[in-house]
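Undergrad: The following block contains the structure, expressed as structure tokens.
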Amino acid sequence: MLVSWNWLQQYVDLDVTVAEFSDRLTMSGLNLEEFHAVDDDWCIDFEVTSNRSDCLGHLGIAREAAVLYQKPLKVPAASVQAGATETGAVTSVSIECPDLCSQYHARVIRGIKVGPSPAWLVNRLKTVGIPSINNLVDITNYVLMECGQPLHAFDLQKLQGKKIVVRRARPNEKLQAIDHKEYALSPEMCVIADGNHPVAIAGIMGGAETEISTATTDVLIEAALFSPLSIRNTSRKLKLRSDSSYRFERALDPQGPEWASRRCCELILELAGGELLNAPIFVGTLPPAHGEPVKLRFAQLRRVLGIEVPADEATRILEALGLKTLEREANSSATFSIPTNRRDLTREIDLIEEVIRIYGYDKIPADAMVPLCASKKRFQDRVSDRVRETLIAAGFYEAMTVSLVSETERKLFIPRGELPPLTIEHSDFPEFSRLRQTLIPSLLGSRRENERHGQFHAQLFEIARVYLSADKTIPEKQAEPRVVSCVSGRAFHELKGVVEQLALRVNPGASVVVRPWDHPQFVPGRGAEVLLNGSLWGCLGELDRLVTDQLGLRDAVTVCELDLAILESHANLVPTFQELPTHQAAIRDLNFVLDEPVEWSAVEQIARQAGGPLLETVSFGGQYRGKQIPEGKKSYVVTLTYRADRTLTSDEIETAQQAVIVACTSQLSATLRT
């Protein structure tokens with residue numbers, strides 16, 4: 001926000017230097033960017049955060065100064081004298097899209113004389129970087145910089161049908177703006193139209209066809225309120241930004257347009273003459289002058305800040321900022337109504353912040369006793385930390401990638417099938433307009449960059465959200481699930497081991513099962529779905545060269561993507577203590593010949609069920625295909641570990657072994673290979 005020092009003095013008398021003033025406002029929340037001399041004036045540049053739209057005009061800055069220095073604030077009366085003719089007799093206003101435009105004020109002045117602006121007006125605009133055009137245009141810019149409410153002046157005679165229609169743009173409509181560039185409009189954009197076609201891009205820029213010229217005699221002054229999101233989207237899509245769009249994007253005071261309209265007409269009558277028509281047109285809704293009340297308990301000031309702020313002083317500060325005291329209980333508490341220009345104040349802590357930034361942060365000593373309570377990590381964060389620790393210990397590096405991908409990247413890997421992508425308007429990088437549905441393509445891009453810099457074995461993981469649906473009826477865990485994804489040059493079985501270790505680190509009793517999955521982007525026979533305790537957890541596999549070749553990756557890449565919500569639901573971060581075994585285990589191998597389609601997981605499951613209570617573990621001992629094995633068959637070595645709280649006898653072990661053999665031969669048609 002650029003501020004003219006001389007201009008500011010019109011609203012509040014300040015007997016300090018520019019440097020002192022800038023430092024004081026910086027300490028109260030409006031950070032100074034820089035200040036420099038402009039002729040006999042100073043231009044001060046303050047950084048205004050997006051929640052403080054009330055400070056996007058000189059009056060807002062002056063209000064801050066008046067409170068800080070306890071000076072009276074002088075706000076122009078904006079009083080106007082109107083003639084007998086009513087505005088509705090010469091024009092009309094209608095709003096066809098109330099969701100994009102909540103209110104529209106129209107005033108008409110006839111018989112004006114367009115010409116050069118007086119020196120004081122030219123100089124004030126020059127200080128804040130706005131060139132002088134003519135008295136009409138300069139006045140609208142002046143009021144914009146005075147109160148932060150954008151305005152627009154139309155040449156009434158150039159409006160077809162002498163009417164204003166606020167509506168959505170129609171397909172294939174175009175507009176030549178006052179910057180003399182043509183813009184293609186789309187139906188989601190809000191426009192100001194006359195009886196035939198658009199004459200302005202609402203809240204952003206007016207059209208050249210109805211702009212003010214030296215021949216203009218009758219003007220229609222627009223003061224309106226537009227949807228911040230609509231203005232932002234339109235501005236980004238058209239790559240068109242203005243002082244007006246900057247302010248409308250930040251949710252302006254709904255009480256502001258009416259005052260700004262009167263103030264603009266007051267200055268036009270003073271500098272350009274003419275007659276103001278009576279009964280200005282207003283269409284839309286005007287909210288109450290104050291929002292929901294907020295209660296402040298004065299004891300909270302000391303508890304939060306660590307210093308005593310007198311209740312009377314806190315009340316004075318808040319009232320000076322525009323809040324009204326609805327009721328007060330001595331030095332206990334007070335309830336304040338919030339003005340519409342400070343909609344950022346919704347909670348008690350907001351009022352405490354307002355009090356201390358005006359009272360002075362410098363009054364809080366370094367050793368102030370502020371009671372602090374150590375924060376506690378959420379269960380979700382504790383699980384994520386365990387995941388990070390495990391993967392880093394396994395040799396992976398954590399990556400952080402952006403949530404937007406191109407359509408080409410999105411199609412690199414589609415583990416959940418062809419879901420309709422969520423698309424956003426991103427005018428700076430239009431090719432990256434898809435919200436990612438998996439982390440794998442982004443991590444593959446990071447691996448490719450590592451390869452280009454000579455790091456050929458980068459193993460990367462990321463924990464982040466993916467975006468599957470914008471349907472509000474779908475739970476967040478399904479619409480925007482948090483996942484952990486890995487890319488690695490390791491073999492399939494090695495990455496499978498990492499996944500199993502990950503599950504065991506979060507729950508020592510977890511059971512991880514992989515089952516074949518013929519996904520077209522995996523190498524045939526090297527893709528799998530991963531189940532955690534019977535629940536579908538994610539996928540694991542080696543990417544086909546058709547995928548990796550698109551990125552120019554040198555080596556084969558194995559990937560996995562796992563749902564963190566599933567992991568959290570099965571997590572046991574503080575497992576129950578179990579004593580270490582005191583007796584030796586008995587380990588036996590069985591070598592089964594099975595049909596080729598039989599999976600290891602089926603063998604493992606049947607062996608576990610048949611082995612009885614003495615069976616501790618079932619592990620994969622290897623597989624074999626060769627001359628000794630008939631065609632269409634394969635051999636699995638099953639390693640069985642038996643243990644009890646005593647020494648097992650040979651008969652007990654043999655009984656359990658026979659139970660496993662019988663189960664596998666009967667259920668899987670296996671034969672025991674000797």
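Undergrad: Give just the number: which of (1) in a strand (DSSP E or B); (2) of a type in the set (D, E, K, R); (3) under 31 Å from the mean Cα position of the chain (by Cα) does R236 not satisfy?
TA: Of everything listed in (1) in a strand (DSSP E or B); (2) of a type in the set (D, E, K, R); (3) under 31 Å from the mean Cα position of the chain (by Cα), R236 misses just condition (1).
Undergrad: How many residues are free of Cβ contacts under 8 Å to residues at least 40 places away in the same chain and out of contact with any helix residue (DSSP H, G or I) (no Cβ under 7 Å at 6 or more places or on another chain) when one looks only at region 429-456?
TA: Residues in region 429-456 being free of Cβ contacts under 8 Å to residues at least 40 places away in the same chain and out of contact with any helix residue (DSSP H, G or I) (no Cβ under 7 Å at 6 or more places or on another chain): 12 in total.
Undergrad: Let me ask you something else. Tell me yes or no: at least one residue of region 111-127 is without any contact (Cβ under 8 Å) to a residue 60 or more places away in the chain and touching a Leu at 6+ places or on another chain (Cβ under 8 Å).
TA: So far as region 111-127 goes, no, none of its residues is without any contact (Cβ under 8 Å) to a residue 60 or more places away in the chain and touching a Leu at 6+ places or on another chain (Cβ under 8 Å).
Undergrad: Further question on the same structure: Are any residues in region 69-109 outside any strand (DSSP E or B) and within 34 Å of the chain's Cα centre (by Cα), and if so, which ones? Can you show your working first?
TA: Initially, region 69-109 is screened for residues outside any strand (DSSP E or B), giving 69-81, 87-91, 96-100.
Of everything in region 69-109, those that are outside any strand (DSSP E or B) and within 34 Å of the chain's Cα centre (by Cα) turn out to be E96, C97, P98, D99, L100.
Undergrad: Please work out which one of (1) in a helix (DSSP H, G or I); (2) at pLDDT below 95; (3) of a type outside the set (A, V, I, L, M, F, W, C) is the condition G29 fails and give its number.
TA: So G29 meets the others, but not (1).
Undergrad: Which one is nearest to D155 (Cα to Cα), of the residues in region 218-233 that are crowded, with 24+ Cβ neighbours inside 10 Å and of a type outside the set (G, A, S)?
TA: Looking at the filtered set, the residue picked out is V219.
Undergrad: Would it be correct to say that A330 is free of Cβ contacts under 8 Å to residues at least 60 places away in the same chain, under 21 Å from P293 (Cα atoms) and not acidic (D, E)?
TA: In short, yes.
Undergrad: Among the residues of region 356-371, write down those that are assigned to a helix (DSSP H, G or I) and exposed (fewer than 10 other Cβ atoms within 10 Å of the Cβ).
TA: Within region 356-371, D362 is the sole residue that qualifies.
Undergrad: Might you check whether a residue that is buried (at least 16 other Cβ atoms within 10 Å of the Cβ), out of contact with any strand residue (DSSP E or B) (no Cβ under 7 Å at 6 or more places or on another chain), β-branched (V, I, T) and more than 30 Å from L318 (Cβ to Cβ) occurs anywhere in region 81-92?
TA: No, region 81-92 has no match at all.
Undergrad: Okay, moving on. For region 383-423, name all the residues that are modelled with pLDDT under 90, surrounded by 14 or more Cβ atoms within 10 Å (Cβ to Cβ) and among the aliphatic types (A, V, I, L, M).
TA: L422, the sole residue that qualifies.
Undergrad: Here are the criteria: (1) out of contact with any strand residue (DSSP E or B) (no Cβ under 6 Å at 6 or more places or on another chain); (2) surrounded by fewer than 21 Cβ atoms within 10 Å (Cβ to Cβ); (3) of a type in the set (V, I, T). Tell me which single one V67 does not satisfy.
TA: Failing condition for V67: (2).
Undergrad: Consider L580 against the criteria (1) among the hydrophobic types (A, V, I, L, M, F, W, C); (2) at pLDDT below 95; (3) touching a strand residue (DSSP E or B) at 6+ places or on another chain (Cβ under 9 Å): it satisfies all of them except one. Which criterion is unmet?
TA: That leaves (3) as the condition not met.
Undergrad: Can you tell me which residues in region 206-233 are over 19 Å from the mean Cα position of the chain (by Cα) and farther than 23 Å from K163 by Cβ? Write out each step before concluding.
TA: Here is the first cut: in region 206-233, the residues over 19 Å from the mean Cα position of the chain (by Cα) are 206-226.
Within region 206-233, just T214 meets the criteria.
Undergrad: Can you tell me which condition V593 does not meet? The list is (1) among the β-branched types (V, I, T); (2) closer than 22 Å to G509 by Cβ; (3) surrounded by 13 or more Cβ atoms within 10 Å (Cβ to Cβ); (4) over 54 Å from the mean Cα position of the chain (by Cα), and all the others hold.
TA: (2)
Undergrad: If you scan region 36-68, which residues turn out to be part of a loop (DSSP other than H, G, I, E, B) and of a type outside the set (A, V, I, L, M, F, W, C)? Full working, then the answer.
TA: Initial filter on region 36-68 (part of a loop (DSSP other than H, G, I, E, B)): 39-40, 48-52, 56-57.
Passing the criteria: D39, D40, T49, S50, N51, R52, G57.
Undergrad: Pull up region 19-39, narrow it to residues that are touching a helix residue (DSSP H, G or I) at 6+ places or on another chain (Cβ under 8 Å) and over 24 Å from N141 (Cα atoms), then point me to the one that is surrounded by the most Cβ atoms within 10 Å (Cβ to Cβ).
TA: Among those that are touching a helix residue (DSSP H, G or I) at 6+ places or on another chain (Cβ under 8 Å) and over 24 Å from N141 (Cα atoms), it is F21.
Undergrad: Something else about it: Among what's in region 372-400 and is aliphatic (A, V, I, L, M) and in a loop (DSSP other than H, G, I, E, B), pick the residue that is farthest from E561 (Cα to Cα).
TA: L372
Undergrad: Which residue out of E319, E313, E353 is under 25 Å from T26 (Cβ atoms), surrounded by fewer than 17 Cβ atoms within 10 Å (Cβ to Cβ) and under 33 Å from the mean Cα position of the chain (by Cα)?
TA: Result: E353 is the single residue among E319, E313, E353 that is under 25 Å from T26 (Cβ atoms), surrounded by fewer than 17 Cβ atoms within 10 Å (Cβ to Cβ) and under 33 Å from the mean Cα position of the chain (by Cα).
Undergrad: Among the listed residues I139, I112, which satisfies the condition of being assigned to a loop (DSSP other than H, G, I, E, B), crowded, with 16+ Cβ neighbours inside 10 Å and at pLDDT 95 or above?
TA: I112 is the lone residue from the list that is assigned to a loop (DSSP other than H, G, I, E, B), crowded, with 16+ Cβ neighbours inside 10 Å and at pLDDT 95 or above.
Undergrad: If a residue must be surrounded by 16 or more Cβ atoms within 10 Å (Cβ to Cβ) and within 58 Å of the chain's Cα centre (by Cα), how many such residues does region 634-660 contain?
TA: Count: 8.
Undergrad: Here is a follow-up. Considering each residue of region 142-177, count those that are in a strand (DSSP E or B) and polar (S, T, N, Q), and give that number.
TA: The number of residues fulfilling the criteria is 1.
Undergrad: How many of the residues in region 310-331 are touching a strand residue (DSSP E or B) at 6+ places or on another chain (Cβ under 6 Å) and assigned to a loop (DSSP other than H, G, I, E, B)?
TA: Summing the residues that are touching a strand residue (DSSP E or B) at 6+ places or on another chain (Cβ under 6 Å) and assigned to a loop (DSSP other than H, G, I, E, B) in region 310-331 gives 2.
Undergrad: Identify, please: which residue in region 618-659 is assigned to a strand (DSSP E or B), among the hydrophobic types (A, V, I, L, M, F, W, C) and modelled with pLDDT of 90 or more and is, among those, nearest to A586 (Cα to Cα)?
TA: L640
Undergrad: Does E599 satisfy being in contact with a strand residue (DSSP E or B) (Cβ under 8 Å, 6 or more places away or on another chain), under 29 Å from L439 (Cβ atoms) and charged (D, E, K, R)?
TA: yes
The rows are residues; the columns are (1) more than 19 Å from the chain's Cα centre (by Cα); (2) of a type in the set (F, W, Y); (3) under 21 Å from L532 (Cα atoms).
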site: E431; (1), (2), (3): yes, no, no
site: I440; (1), (2), (3): yes, no, yes
site: R448; (1), (2), (3): yes, no, no
site: H453; (1), (2), (3): yes, no, no
site: T473; (1), (2), (3): yes, no, no
site: V483; (1), (2), (3): no, no, yes
site: E494; (1), (2), (3): yes, no, yes
site: A503; (1), (2), (3): yes, no, yes
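Undergrad: So, of the residues in region 333-354 that are in a helix (DSSP H, G or I) and out of contact with any strand residue (DSSP E or B) (no Cβ under 8 Å at 6 or more places or on another chain), which turns out to be nearest to P288 (Cα to Cα)?
TA: The residue in question is N341.
The values are calculated or read from the model by the stated rules, or taken from the named source; none is laboratory data. Small disclaimer: the values here were computed from a predicted structure and weren't measured. With ideal geometry, Cβ positions are generated from the backbone for all residues, glycine too; neighbour counts draw on all protein chains shown.
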